[in-house]
Amino acid sequence: MVKYMDNSTIQNTVGYQLGIASKHQENYLIAALDELGLQGGQELVLAQLAETNGCSQSELAEALSVRPPAITKVIRKLEDKDLVERRQDPDDARVQQVFLTQAGEDLTDPIEECWTRAEDVMLDGFTTEERLLLRRMLIQIQENIDMPYRTIH
């Protein structure tokens, strides 16, 4: 195998650099979302519901690549803030569907603005072509890993 980079230490790996960049982006978003009264991760649930309002908790977990118990905890916190509500699925009493409340819907544009600002800061100095290439490469990485279901060997 051809070695393209010096991966002799963890800090020199692409994965490490992705992780550090992700942490910086997360910290930027946490500060911005705090102004909206949200904690990190809650905005992802609200944004997903803006696209697929009324989906089940398991569908939300799958869409966001998190475990169902984690999504349940986030939904409870969002319910406490009256941003979402759970309703029984009319076709399957065992399933709870999750819906945005009006207050939750009202936050979708400010959430999108937070993410847009974070992206602009994160990609400052990148050309449009570089942004598109980076996005394509990150999607390929996600597909290669296929999380959360692929096991590590």
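Values quoted throughout were computed directly from the atomic coordinates according to the rules given, and no laboratory measurement underlies them. Note that the structure is a prediction, hence the values are computed from the model and not measured. Quick reminder, even Gly has a Cβ in these numbers, built from the backbone with ideal geometry, and neighbours come from all protein chains shown.
Net charge dipole, the chain: roughly 760 debye, given to the nearest 20, about the Cα centre with Cβ charges of +1 for Lys and Arg and -1 for Asp and Glu. Taking the longest Cα principal axis of the chain as reference, the axis of helix 108-122 is set at about 10 degrees. A protection proxy built from the mean count of other Cβ atoms within 10 Å ranks the segments 56-67, 112-123, most packed first, as 56-67, 112-123.
Near VAL95, the amide H atoms lying under 5 Å from its own belong to ASP89; only residues 5 or more places off or on other chains count, and H is placed 1.01 Å from N. Could you tell me the center-to-center distance, by alpha carbons, between the stretch 41-67 and the stretch 102-144 in angstrom? Taking the Cα centre of each part, the stretch 41-67 and the stretch 102-144 sit 17 Å apart. In this calculation the C-beta distance from ASP124 to SER65 is compared with R0 = 30 Å, giving a FRET efficiency of 0.65. Length, then width, then depth: along the principal axes, the Cα atoms of the stretch 1-144 run 56, 34, 26 Å.
Considering only alpha-carbon pairs that sit under 8 angstrom and 6 or more positions apart, the relative contact order computed for the chain is 20 percent.
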